[in-house]
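To start, the structure itself, in structure tokens.
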Amino acid sequence: PPAVEFRDVRFAYRRGQQDDRTQVLHGVSFSVPARGLTAVVGPSGAGKSTLFQLIERFYATDGGRILLGGQPVDALPLDTVRGLVGYVQQDSAAMRGTVRENLTYANPHAGEDDIREAVEMAGLATVVAGLPQGLDTELGDQGSGLSGGQRQRLCIARTLLQKPAVMLLDEATSHLDSDSERDFRDVLRRVSRQCAVVAIAHRISTVIDAEQIVVLEEGSVRATGAHQELMERD
Ligand code: ADP
Ligand code: ADP
């Protein structure tokens, strides 16, 4: 089955009173294949983060269904959902302690081989090798010593160690130069061979080779397809 399936999903945030609601998603349908990169693009306020939060079951849908690996997400135990869905948290304040501690905090039982593999997939092998004490180097507050792109890739490696079926990430690459952007693209390519990756993309250039781009506007899917297909349609 697909990693994630949205079937006619409707959602409104509740603000206090029962009838004070803003409809945010108006019948969203699309599937995320078990492997490959799905990019979600669209203007601010379109509902992209809301999609993520529904996949993680922070909220319940008001209509339609979300399936995770073929199972309705609201019928799965929350722990199962948390295991299946890896959200790449980019909170640099969490980056205290050593590289290893940062990597294993979602999975304290990760073995050395898994750690090495995740570091390689995230394109951090040479970075780690160049640190004074390798994996046991103290990062200091906000991951000092690592660039923004390297910190982001450390967060991806950490999420990989969770071995999720689907990885959610918000590109948030305002600080990336073009070299880092290329590294990031390579990382997404490698990771998306291991699990489904859904990325909120702010720049089309980072996800130009995504298998699927979902264009979300005002809570509705306007188009889905690979970049070339979307261009031909316009
Ligand atoms: P995007 O990620 O595409 O920028 P969001 O999913 O964050 O869009 O937001 C979609 C809409 O839902 C926006 O109008 C936003 O103001 C509203 N919204 C987001 N989070 C909340 C919330 N916690 N409570 C109420 N409204 C929210
Ligand atoms: P900023 O945009 O200022 O960096 P935050 O870092 O607080 O704001 O969050 C960025 C977005 O990521 C927000 O829209 C928030 O809803 C979303 N977000 C934060 N944590 C999670 C999570 N675990 N799952 C899905 N979305 C999240």
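The values are calculated or read from the model by the stated rules, or taken from the named source; none is laboratory data. Since this is a predicted model, take the numbers as computed values, not measurements. In this analysis, Cβ positions are derived from the backbone assuming ideal geometry, glycine residues included, and neighbour counts consider all displayed protein chains. The area values use the complete protein model at the heavy-atom level, side chains included, leaving out ligands, DNA and RNA. Shrake-Rupley method; radii C 1.70, N 1.55, O 1.52, S 1.80 Å.
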* So A34, is it in contact with a strand residue (DSSP E or B) (Cβ under 8 Å, 6 or more places away or on another chain), of a type in the set (A, V, I, L, M) and surrounded by 18 or more Cβ atoms within 10 Å (Cβ to Cβ) -> no
* To do: Could you tell me which of the residues A223, A210 is in contact with a strand residue (DSSP E or B) (Cβ under 9 Å, 6 or more places away or on another chain), surrounded by 14 or more Cβ atoms within 10 Å (Cβ to Cβ), touching a residue at least 60 places away in the same chain (Cβ under 8 Å) and not in a helix (DSSP H, G or I)?
  => A210
* Just give me the residues in segment 40-76 being small (G, A, S), free of Cβ contacts under 8 Å to residues at least 40 places away in the same chain, away from ligand 2 (no atom under 13 Å from the Cβ) and part of a loop (DSSP other than H, G, I, E, B), in sequence order. => A60
* Structure fact -> Reported set for segment 173-198 where residues are outside any loop (DSSP other than H, G, I, E, B), of a type outside the set (G, A, S), open to solvent by less than 30 Å² (accessible area, probe 1.4 Å) and modelled with pLDDT under 90 is E181, F184
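What tally of residues in segment 101-126 results from selecting those that are assigned to a helix (DSSP H, G or I) and buried (at least 18 other Cβ atoms within 10 Å of the Cβ)? It would help to see each step written out before you state the result.
In the first step, residues of segment 101-126 are kept if they are assigned to a helix (DSSP H, G or I); the result is 101-104, 112-121, 125-126.
This time we only want the ones that are buried (at least 18 other Cβ atoms within 10 Å of the Cβ), so: 102-104, 115, 118-119, 121.
Residues meeting the conditions: 7.
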* The lone exception for G83 - which of (1) open to solvent by 10 Å² or more (accessible area, probe 1.4 Å); (2) more than 16 Å from ligand 1 (Cβ to nearest atom); (3) in contact (Cβ under 8 Å) with a residue 40 or more places away in the chain; (4) not in a helix (DSSP H, G or I) it fails -> (4)
